[in-house]
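Student: Handing you a structure now.
The values are calculated or read from the model by the stated rules, or taken from the named source; none is laboratory data. Please read these numbers as outputs of a predicted model, since none were measured by experiment. Neighbour counts are summed over all protein chains in view; Cβ atoms, including those assigned to glycine, are modelled from backbone coordinates with ideal geometry. Ligands, DNA and RNA are excluded from the accessible area calculation, which covers all protein heavy atoms including side chains. Shrake-Rupley method; radii C 1.70, N 1.55, O 1.52, S 1.80 Å.
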Amino acid sequence: MNTEKIALAGELALGLLEEGEGERARRDLDDDPEMREAYRYWSERFTAHYDIGAGAEVTPPPRVLSNIELTLFGEQSRSVWGDLVDAVRAPENRALVVTLAVAKAALLAWIIYLFV
């Protein structure tokens, strides 16, 4: 199969083609069985990836932003304390932070109760 057809079918399946190219590619789908097969393949692949990730919000770890900044701007990652603050503020750690805060408050209340 022609690699140009495969790429064109993939771009069509993703909706990346401009109007003129998209219309030409859709006409090719009607006339060319190889193009139809490539389009079907890409549509199924992209649909499978979309179905896996649909509805699931994935928050990357805080170190991802540091690595991106380092790659793009050459900036050094923040200190260990900065990374710790990022980890504490990360959405996936909110339940742990709230649990620790409640436990600390309960411990403090118990200590005050014992000594007052």
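Student: Tell me yes or no: at least one residue of region 68-84 is at pLDDT 80 or above, open to solvent by less than 60 Å² (accessible area, probe 1.4 Å) and either under 18 Å from residue 6 (Cα atoms) or out of contact with any Gly (no Cβ under 6 Å at 6 or more places or on another chain) (or both).
Tutor: No, there is no match, as no residue in region 68-84 is at pLDDT 80 or above, open to solvent by less than 60 Å² (accessible area, probe 1.4 Å) and either under 18 Å from residue 6 (Cα atoms) or out of contact with any Gly (no Cβ under 6 Å at 6 or more places or on another chain) (or both).
Student: Within region 39-67, track down each residue that is of a type in the set (Asp, Glu) and either outside any helix (DSSP H, G or I) or at pLDDT 80 or above (or both). Before the answer, list the steps.
Tutor: Here is the first cut: in region 39-67, the ones of a type in the set (Asp, Glu) are 44, 51, 57.
Residues satisfying the conditions are 44, 57.
Student: Another question about this same structure. So the check is Cβ under 7 Å with 6+ separation or different chains; which pairs have a first residue in region 1-22 that's without any contact (Cβ under 8 Å) to a residue 24 or more places away in the chain and a second one that's surrounded by 11 or more Cβ atoms within 10 Å (Cβ to Cβ) and not in a helix (DSSP H, G or I)?
Tutor: 11/17
Student: Continuing with the same structure: Being more than 30 Å from residue 93 (Cβ to Cβ), more than 20 Å from the chain's Cα centre (by Cα), at pLDDT 85 or above and surrounded by 13 or more Cβ atoms within 10 Å (Cβ to Cβ) narrows it down to one residue among 4, 11, 23; which is it? Working first, answer last.
Tutor: On the way: 4 fails: surrounded by 13 or more Cβ atoms within 10 Å (Cβ to Cβ); 23 fails: surrounded by 13 or more Cβ atoms within 10 Å (Cβ to Cβ).
Just one listed residue meets the conditions, 11.
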